[in-house]
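Reading through the structure tokens given below for one structure.
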Amino acid sequence: MGTNSRGAAGRRTRWAAGLPAASIALVAASVLAFQPGGLFRFVWVKLLILLAALVCAALSPGAARLPRGVTLTVGAGAAWIAVTMLLSAAPLASIAGRWPRYEGILTIGVYIALFAAGARLLGGDGAGEAWGRLRLSLAIVAMVLVVISGLEAAGLRPLGGVEDARPGATLGNATEQGLIGLVIAGVISAFPREPGPLQRWIARAGFLAALAVVVLSGSRAALMGAAMVVVVASVLWLKNRPGRARWSLGAATAVAALAAFTGAAVLIPATRTRLFSAETVDGRWMLWERTWALVQERLWFGAGPSGFVDVLPGYLDRLWSERTGDGFPTDSPHNLPLQLLAAGGVPLLLIAAVFACLFFKSALAKIRDCHEVPQRRQLIVALAAVTAYALAVLTHFTSPGTTALVAFICGGLVGVELQRRAQSGVPPVAWAARRRAAALVLAVAALAVVVPAAAAEWPMANGARAARLGDIAGAEASFQTALRLRPWDSDVSLLAAQAFAGPATGGNTEAALAAVKWGDQALEATPHSLEAGIAAAIGCIYSGSLSEAKTRLDGLAKLAPFSAGVYVHRGVANFGLGNAGEGIADLHVAASLEPSSDTPWLLLAGIYERLGDGENSRQALLRARELAAG
């Protein structure tokens, strides 16, 4: 009996001991996760794996926690985000999150939970082994990621996707790919003495692979962040070298490393083009100026989380339309302080500033108190990596692909042993039981959302494909299936409406009616959505409800006065109603707002031809062909 009890206890101990390793491996593996065949393949499957990692972390033994001040600040930020969600123009959509990043209450909650899990697993005094597992896991991830990135840089698409867009490997975005590369390189670059030669070689190969991922991404922000990581790692390496000449030798080594890194970036054509192109920089400045105009009118509460995409069109101007157009609506300011202001106003930015101060204070104190040289080096390079990431998101945005891993690492940088905090009087065993129970309840609730949400990506993709092929009944059935799986997601209706709007413009009346139905359904949840409004208006035009279409488009012109798409479709509606002069005027406005588009000129050519004005029709068609050619 005693022997059996000891055996069972031993098995439970081994099982519990494996949970931290499983959690760390799952957090790292989330970087590689993608959903083949899904419409957007890079969010829900990552969240699914991250939730599994959180369950393992909650059930793991450990005594490390976040510092009390940091915990209170995070709680205040979460509470304020909840308030701004409820006060936004579309509270339910803000709570759920919007396509494609879905940074609503669930995703933000995952970020916070990973921050706490990182403190628990990586934050203890004896966490050197856990950091070693993280280095090994990330090194393996980097070696897989560089293969995919290399194939994509060569023009191949091993994961699918359109050929003329910048790929992003398993992150779905090239800058995200670069950012994850610099974070991985930073964590690995501590280079403590690994337990065996195989692990050492894996770490070195992973470090080089991570830097290669950064270079192949072509992201300037990621390249600068990686250069910062290389410098910090070089300085730390120098401090541990013997001899007086170490600094001169080390300086030469660091310069050579940076030169090699820069040279590799310049030698790759796509990366070189990005490095010396000012187009993206100019676009960022315009976006930041327009966002600041938005923020100034919403200083206290912002537009609410995920509300930016619907509010921004009202603040865009002619210059934005001429240079950028409205073909790809912007859902983020691409700047973290502005993202915070747009989501939660000045209070959220102030809370974030307090958090940043407390975080760096706690991290630096932990580094100062660490007496183990390898672990101290690990903490320093990890702090450098997350700092480089923070600087990089001054021109980018947060997402589950990158922010989740960074949150986990940040938790490890500030986690402290439980005895350093004041005890509440509740026995540790009781606290552990309560924590496990709460974690399991929350995990089950989250999984009940995430699993069907991930599954919905397949019928969403099927619906979009069927709509393109003209199978309207099949598309309708697929989108209905997706909606049953994600009834809380207003963007299922939005994406369905846009999918049906395409064949509707080709004269498919069934598709036009479907575009109106799904567009109106999206507008019920997000009444200020320009995308949903345009899709529904297109449906009205091509189903014969021209007066209704014009009324809708008149309203959209007030909501987004510099949207070329609004004027294009209103021009078609006006001509159909017999208002040829107004239709021609609208199309000329659209042509001036988006001078690189041939669509207004093609429509003008058709209108002039039907009016019997052959010369103007010929000139408009010639202009359309010139724009289409280049």
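Report yes if some residue within the range 67-80 is closer than 30 Å to ALA464 by Cβ and at pLDDT 95 or above; otherwise report no.
no
Under 20 Å from LEU440 (Cα atoms) and in contact with a Lys or Arg (Cβ under 9 Å, 6 or more places away or on another chain): which single residue out of ALA64, ALA53 fits that description?
After ruling out the rest, the residue left standing is ALA64.
Any chance the range 37-47 includes a residue that's in the same structural domain as GLU176 (by TED's automatic domain parsing), surrounded by fewer than 22 Cβ atoms within 10 Å (Cβ to Cβ), on the phi > 0 side of the Ramachandran plot and at pLDDT below 95?
Yes, there is a match, as at least one residue in the range 37-47 is in the same structural domain as GLU176 (by TED's automatic domain parsing), surrounded by fewer than 22 Cβ atoms within 10 Å (Cβ to Cβ), on the phi > 0 side of the Ramachandran plot and at pLDDT below 95.
Listed residues GLU548, GLU524; which is closer than 20 Å to VAL311 by Cβ, surrounded by fewer than 24 Cβ atoms within 10 Å (Cβ to Cβ) and more than 25 Å from the chain's Cα centre (by Cα)?
Among GLU548, GLU524, only GLU524 is closer than 20 Å to VAL311 by Cβ, surrounded by fewer than 24 Cβ atoms within 10 Å (Cβ to Cβ) and more than 25 Å from the chain's Cα centre (by Cα).
Could you list, in sequence order, all residues of the range 409-421 that are at pLDDT 60 or above and out of contact with any strand residue (DSSP E or B) (no Cβ under 8 Å at 6 or more places or on another chain)? Write out each step before concluding.
Going through the range 409-421, the residues at pLDDT 60 or above turn out to be 409-418.
The answer is ILE409, CYS410, GLY411, GLY412, LEU413, VAL414.
Looking at VAL215 and the list (1) surrounded by fewer than 24 Cβ atoms within 10 Å (Cβ to Cβ); (2) within 30 Å of GLY38 (Cα to Cα), which single condition is not satisfied?
Checking VAL215 against (1) surrounded by fewer than 24 Cβ atoms within 10 Å (Cβ to Cβ); (2) within 30 Å of GLY38 (Cα to Cα), the one that fails is (1).
Just one of the numbered conditions (1) touching a helix residue (DSSP H, G or I) at 6+ places or on another chain (Cβ under 7 Å); (2) in a helix (DSSP H, G or I) is not true of SER60; which one?
The one condition SER60 does not meet is (2).
Name every residue in the range 292-328 that is loosely packed, with under 15 Cβ neighbours inside 10 Å and under 22 Å from the mean Cα position of the chain (by Cα), in order of residue number.
Hits for the range 292-328 are GLY327, PHE328.
Considering each residue of the range 565-591, count those that are surrounded by fewer than 24 Cβ atoms within 10 Å (Cβ to Cβ) and touching a residue at least 40 places away in the same chain (Cβ under 8 Å), and give that number.
Final tally of qualifying residues: 0.
Six or more apart or on different chains, Cβ under 7 Å: which pairs go from a residue in the range 608-630 that's under 17 Å from VAL572 (Cβ atoms) to one that's among the polar types (S, T, N, Q)? Could you list them?
TYR608/ASN616; TYR608/SER617; GLU609/SER617
Condition check ((1) of a type in the set (Asp, Glu); (2) under 24 Å from GLY168 (Cβ atoms); (3) in contact with a Phe, Trp or Tyr (Cβ under 8 Å, 6 or more places away or on another chain)) across all residues:
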{"residue": "VAL45", "(1), (2), (3)": "no, yes, yes"}
{"residue": "LEU48", "(1), (2), (3)": "no, yes, no"}
{"residue": "GLY75", "(1), (2), (3)": "no, no, no"}
{"residue": "ALA78", "(1), (2), (3)": "no, no, no"}
{"residue": "ALA82", "(1), (2), (3)": "no, no, no"}
{"residue": "ALA89", "(1), (2), (3)": "no, no, no"}
{"residue": "GLY104", "(1), (2), (3)": "no, yes, no"}
{"residue": "GLY109", "(1), (2), (3)": "no, no, no"}
{"residue": "ALA113", "(1), (2), (3)": "no, no, no"}
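Among the residues of the range 331-339, is any in contact with a Leu (Cβ under 7 Å, 6 or more places away or on another chain) and charged (D, E, K, R)?
no
Can we say THR291 is at pLDDT below 80, assigned to a helix (DSSP H, G or I) and of a type in the set (S, T, N, Q)?
Criteria not met by THR291.
Restricting to the range 592-612, give me the number of residues that are surrounded by 16 or more Cβ atoms within 10 Å (Cβ to Cβ), of a type in the set (Ser, Thr, Tyr) and under 20 Å from SER321 (Cα atoms).
2
Name the residues in the range 328-347 that are outside any helix (DSSP H, G or I) and either at positive phi or free of Cβ contacts under 8 Å to residues at least 24 places away in the same chain (or both), would you?
Within the range 328-347, PHE328, HIS334 qualify.
So in the range 464-497, with the set limited to residues that are of a type in the set (S, T, N, Q) and crowded, with 21+ Cβ neighbours inside 10 Å, which one is farthest from the chain's Cα centre (by Cα)?
SER478
Quick check on my filter: what residues within the range 352-388 are under 22 Å from the mean Cα position of the chain (by Cα) and buried (at least 17 other Cβ atoms within 10 Å of the Cβ)?
Quick first cut of the range 352-388, residues under 22 Å from the mean Cα position of the chain (by Cα) only: 352-353, 355-356, 382-388.
Selection gives ALA352, PHE355, ALA382, LEU383, ALA384, ALA385, VAL386, THR387, ALA388.
Residue check: is TYR567 more than 25 Å from ALA532 (Cα to Cα) and in contact with a helix residue (DSSP H, G or I) (Cβ under 6 Å, 6 or more places away or on another chain)?
Answer is no for this residue.
Would you check if there is a residue in the range 535-550 being closer than 20 Å to ALA501 by Cα, among the polar types (S, T, N, Q) and part of a helix (DSSP H, G or I)?
Yes, the range 535-550 contains at least one residue that is closer than 20 Å to ALA501 by Cα, among the polar types (S, T, N, Q) and part of a helix (DSSP H, G or I).
Conditions (1) in a helix (DSSP H, G or I); (2) of a type in the set (A, V, I, L, M, F, W, C); (3) crowded, with 24+ Cβ neighbours inside 10 Å; (4) free of Cβ contacts under 8 Å to residues at least 12 places away in the same chain, marked per residue:
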site	(1), (2), (3), (4)
TRP80	yes, yes, no, no
VAL83	yes, yes, no, no
LEU86	yes, yes, no, yes
ALA89	no, yes, no, no
SER137	yes, no, no, no
VAL141	yes, yes, yes, no
LEU159	no, yes, no, no
ILE180	yes, yes, yes, no
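The values are calculated or read from the model by the stated rules, or taken from the named source; none is laboratory data. Everything numeric in this text was worked out from a predicted model, so none of it was measured. In this analysis, Cβ positions are derived from the backbone assuming ideal geometry, glycine residues included, and neighbour counts consider all displayed protein chains.
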